[in-house]
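Structure, as structure tokens:
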Amino acid sequence: MIDLLPKLERRSSSACSCSHTPSEDPQNWAKHRAKPGSESGWPNKHTLRILQDFSNEPNSNLSSHSLEKITVGERSEALKRFEQLTGDEKRHTALDSALKNAAVKGSRLSALFEHPLYTRPLPPLIDEDTLFNVNTDIRFDPKAAENPECHPWNDSYPNWLRFHIGINRYELYSRHNPVIDAMLKDLVSQRITSVAMKSGGTQLKLIMTFQNYGQALFKPMKQTREQETPPDFFYFSDFERHNAEIAAYHLDRILDFRRVPPVTGRLVNMTKEIRDVTRDKKLWRTFFISPANNICFYGECSYYCSTEHALCGKPDQIEGSLAAFLPDLALAKRRTWRNPWRRSYHKRKKAEWEVDPDYCEEVKQTPLYDSGTRLLDIMDMTIFDFLMGNMDRHHYETFEKFGNETFIIHLDNGRGFGKHSHDELSILVPLSQCCRVKRSTHLRLQLLAKEEFRLSALMEESLQTDTLSPILIRPHLEAMDRRLRLVLQVLADCIEKEGYSNVVEDDLLVEGLNTGTAPQR
């Protein structure tokens, strides 16, 4: 991927001034493009299109990210903290004490991200741990290494490419890298240059391309914030919600999983920003003016694409979610895995896990789930889905380069936050059957249940930053607090039945950090 950007990184000298900031005008990078034959300019439009030529595969519909860098001083301080966490009794009391004594002043969200649970350093990264290997002069420049913001590519690559470069074995995006917010601002402010329908799926989704050649998946608004899923609807026949995609990204970040591609909301002019820029004739032909003189369209898809399910503006403004794309599959292959607790997607037939209480024992003996952290990652995903009421987790994906020792990507969260008045306990079956959880996840859940932080308050504060705020109504926020208590109760019952050490995998050990995996029993 980076070979297509010849010699760009060499423009930066060793005395980096870091004069550029991530929030700088996103169009500035384009001004660096040189004439043909120049060795120092930005690559031409054709090269960028190769980089961002996204696949039509059904699951290649999301995201980006950036690599968290830690200075030598910060790393040594972090390691000192973790050294204090080792030892049988000391390790179990240190973070528990931090949970009780954490002082919240001003922003709850800021205080949360300063908590020891949210400042754990990554293991040292080698080439095999990064999705793309960027050969820059930083490797030979000690001054640049001490100041990670001075990367030669930081002030010249567009934000979506900087995200892609930063993906690594352990995270989709880092906790505090400002490029994330910069890219979300791009998705809201960049001019939309083309629009096309995404193939596959039961509902209409659009691929939008922007002036900086970045792309995002647009899910238009189908329901208002107040509309609950009717009680007689099957989970697989429900509408996807644009605000659920936005809220899922914020929830994933608060849980410190960072496995959902960045998502933001945007108000789009259906005439100027969709109809007038699309070259998709099938999409263009579905535009019409309703009896109320509103602009409408319905596109083509498996189920909900007809005049009866048309998307109409007021008169031509419609809101939707924009999810940043992952790198093209030709550049970074991904593997799609069937969720062991996949539902039957049948009106009468039940899945095996719904009728066999010992189903998890079979899963634990299956290759992939019999070692490593994959089963524990499934438990994380189970908790994540239960908090937002998402029953539609049939598959998940991983980056092929990292093999089985890597995080799982939480794609397609549009069927979350449908019912605030109902807690779907069947989503928690994997957790109650397996009785396994990472210690870091367990401690964060306990932290988010405390009044000083409180999950609903954190979500409300985080969602206020979105341009379409408010994203969730109060009942949905309160439902998350209620569901969090249910998750903690399931874990408490597991611990009482099987013992703490048999339920909670201690992934906070220094040894675990060095290997990137939880210690095996």
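The values are calculated or read from the model by the stated rules, or taken from the named source; none is laboratory data. Just so it is clear, the structure is predicted and the values come from calculations on it, not from any experiment. Methodologically, a virtual Cβ is constructed for each residue, glycine included, from the backbone with ideal geometry; neighbour enumeration extends over all protein chains shown. Side chains included, ligands, DNA and RNA excluded: accessible areas come from the protein's heavy atoms. Shrake-Rupley method; radii C 1.70, N 1.55, O 1.52, S 1.80 Å.
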Q: Please give the number of the condition residue 219 fails out of (1) open to solvent by less than 20 Å² (accessible area, probe 1.4 Å); (2) modelled with pLDDT under 85.
A: (2)
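Taking the conditions exactly as written (under 28 Å from residue 359 (Cα atoms), among the acidic types (Asp, Glu) and part of a helix (DSSP H, G or I)), does residue 496 satisfy them or not? So that I can check it myself, show each step before the final result.
On the way: under 28 Å from residue 359 (Cα atoms): yes; among the acidic types (Asp, Glu): yes; part of a helix (DSSP H, G or I): yes.
The answer is yes for residue 496.
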Q: Could you pull out the residue among 399, 386, 417 that is under 15 Å from the mean Cα position of the chain (by Cα) and closer than 21 Å to residue 262 by Cα?
A: 399
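So which of 443, 458, 477 is over 21 Å from residue 414 (Cβ atoms), over 18 Å from the mean Cα position of the chain (by Cα) and open to solvent by less than 50 Å² (accessible area, probe 1.4 Å)? Spell out the reasoning first.
On the way: 458 fails: over 18 Å from the mean Cα position of the chain (by Cα); 477 fails: over 21 Å from residue 414 (Cβ atoms).
On inspection, the qualifying residue turns out to be 443.
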Q) Which residues, counting only those in segment 307-328, are in contact (Cβ under 8 Å) with a residue 60 or more places away in the chain and β-branched (Val, Ile, Thr)? A) 318
Q: Could you tell me whether residue 187 is within 28 Å of residue 255 (Cα to Cα) and assigned to a helix (DSSP H, G or I)?
A: yes
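Could you tell me which of the residues 212, 177 is modelled with pLDDT under 95, in contact with a Ser or Thr (Cβ under 9 Å, 6 or more places away or on another chain) and in a loop (DSSP other than H, G, I, E, B)? Explain how you work it out, then say what you get.
On the way: 212 fails: in contact with a Ser or Thr (Cβ under 9 Å, 6 or more places away or on another chain).
Criteria check complete, one pass: 177.
Mind checking which strands (runs of 3 or more DSSP E) fall wholly inside segment 258-347 and carry at least 2 residues that are touching a Cys at 6+ places or on another chain (Cβ under 9 Å) and either more than 27 Å from residue 381 (Cβ to Cβ) or open to solvent by 10 Å² or more (accessible area, probe 1.4 Å) (or both)? Write out each step before concluding.
Numbers: elements: 263-269, 295-297, 317-324, 334-338.
Here the list reads 295-297.
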Q. Which pairs do you get when a residue that is open to solvent by 40 Å² or more (accessible area, probe 1.4 Å), found in segment 480-504, comes within reach of a residue that is at pLDDT 95 or above and not β-branched (Val, Ile, Thr), reach meaning Cβ atoms under 6 angstrom, with the pair 6+ apart or on two chains?
A. 498/435
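Regarding residue 324, is this residue among the aliphatic types (A, V, I, L, M) and farther than 22 Å from residue 169 by Cα?
Values: among the aliphatic types (A, V, I, L, M): yes; farther than 22 Å from residue 169 by Cα: no.
So residue 324 fails the test.
Just to verify a result, which residue in segment 348-361, among those that are of a type outside the set (Gly, Ala, Ser) and part of a loop (DSSP other than H, G, I, E, B), is most open to solvent (accessible area, probe 1.4 Å)? Reasoning before the result, please.
In the first step, residues of segment 348-361 are kept if they are of a type outside the set (Gly, Ala, Ser); the result is 348-350, 352-361.
Filter again for part of a loop (DSSP other than H, G, I, E, B), leaving 348-350, 356-358.
Details: 348: 189, 349: 137, 350: 126, 356: 38, 357: 98, 358: 99 Å².
Per the criteria, the residue is 348.
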